[in-house]
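One structure is given below, encoded as structure tokens.
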2 protein chains.
Amino acid sequence: MTAAIALADAEGLPAVSMRAVASALDTTAGSLYRYLSSRDDLLDLMTDHAVGELKPYPRPAGDWLDQLQALATQQLELHRRHRWLGEVIQRPTAAGPQTLSWFDHCLGILREVPAPTTAKFEAIALMTGTVVLFSRAQPTGQPFAALDPARHPHLTAALANPGPPPKDDLFARALRALLTGLLLGERGQEAVAEGVHAPDRAVGHRGQAG
Amino acid sequence: MTAAIALADAEGLPAVSMRAVASALDTTAGSLYRYLSSRDDLLDLMTDHAVGELKPYPRPAGDWLDQLQALATQQLELHRRHRWLGEVIQRPTAAGPQTLSWFDHCLGILREVPAPTTAKFEAIALMTGTVVLFSRAQPTGQPFAALDPARHPHLTAALANPGPPPKDDLFARALRALLTGLLLGERGQEAVAEGVHAPDRAVGHRGQAG
DNA sequence: CCTAAACTGCGAACGTCGTTTGCAGTTTAC
DNA sequence: GTAAACTGCAAACGACGTTCGCAGTTTAGG
């Protein structure tokens, strides 16, 4: 269980074979089926255990956008710590209790945001998707073998003049752009530009937490 | 090759085994290694072949944002047609010629956008990532088994009151929010809100194409 | 305290996977 | 006409997820 997580952290998800985790537990592959129904079961348990690391949730500070950003930042750290998470959560399996709790916490933050429920669901899904995207991108080696400048003029030009390194707040900017665009619609753009962070109604995090 | 794509379209990526495509070609698994060096090779070929379906690229219309949106919409249709694409392109392999050509085309559209090269790379990657995210989300069954209203108050409330269905322009809105946020920075938000689509310099697609 | 039932862990095996290998049959070159 | 090179393929290898049946141990009942 935690042995499987350690294995995945160290050697990647493909290294998490029934035989490997059994060996780490000084037993054999078949024996694991006394406790697990399948390998997918193991992956589900690993996922929910990892999501549990997000607790305690950050104390509410700022408006809902700030709070979601804090949550996403924490989530990004989690995905960098467990690089196999992005791959695992893309399977269509039932969500575990920790995942359910986290999702409920997100909805709590969005409670007063005037957007339909479906939009909030999509926004949270896309937030996690963005986290996964950013957790992957770090070492850009040279994925381009032989470039023909005639065939790919813009690409060669871009590579010849790489320009300044990317700003490190790229994640926060992308996230805020996505969330405001999704949840506030076109009017959200103006609101952000004007420095207005919340709609008319008060958007606080009243009392409860997960 | 095309047989493998047909197989993946029909029965999913796991069904694309060496033996299965060999059987479709009336031969055996080992024989394929006369033409392919590995299964990853086959997947790479399938990917590049599928990306080739994006040609001819849509004729340039509107500013760079409109053009990228058209490209992304076309890409989304491709990913819905070949649902295995999203999974395949996440492997860290070298890009094929069609993929290179497409990437170069994107950079051509962004040619006059005043953003560093690295930012453009990230934006294109995130655009594709958004396409993958949206290509997945279609049937939301009931992923929630037994909900404890006390433990997940917001979630149960949200499910009890689903609200109106999501607007179908959600993809376009998310994409535009992401791209403007990434490539224009904070100032981009104002520009979009004011209906201004391009910076001072003319942003046309002059002549060439991929 | 002894026996019967239930449960535990585990070695061995099954089928499938990607990949390698050696062998026939055929084509090419001298 | 012979030697070299190339082709397709059946068989096999190791690793995978998973199943099965058998020992050893724990529990329940008389």
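Table for the structure above
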read-out	value
Per-copy distances of the A:Lys167 label point, shortest first, in nm (7 angstrom along Cα→Cβ)	2.7
FRET efficiency for B:Leu147 and A:Arg151, using Cβ-Cβ distance with R0 set to 56 Å, rounded to 0.05	0.50
Added length on full extension, which subtracts the Cα-Cα distance from 0.36 nm per residue, B:Arg19 to B:Gln74	16.5 nm
Within 10 Å of each Cβ in A:84-91, the average number of Cβ atoms from other chains	1
Position A:Ala94, label points 7 Å along Cα→Cβ, spacing to each other copy in nm (shortest first, one decimal)	4.6
Among A:129-137, A:9-17, B:94-102, B:149-157, the order from most to least packed when residues are scored by Cβ within 10 Å on average	A:129-137, B:94-102, B:149-157, A:9-17
Neighbouring partner chain Cβ atoms per residue of A:116-124, average, 10 Å criterion	6
Where labels lie 7 Å past Cα in the beta-carbon direction, separation of A:Ala3 and B:Ala137 in nm	3.9
Cβ-vector label at 7 Å, B:Gly62, separations to other copies in nm	3.0
Residues in the stretch B:79-122 reached by a label modelled at A:Asp40 [backbone nitrogen below 13 Å; 7 Å Cα→Cβ]	none
log10 of Debye I(q)/I(0), alpha-carbon scatterers only, for the stretch B:3-105 at 0.15, 0.18 Å⁻¹	-0.67, -0.88
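Each value in this text was obtained by applying a stated rule to the coordinates, not by laboratory testing. Since the structure is predicted, the reported quantities are computational estimates derived from the model, not experimental observations. Cβ sites come from the backbone with ideal geometry, for glycine too, and all protein chains shown count toward neighbours.
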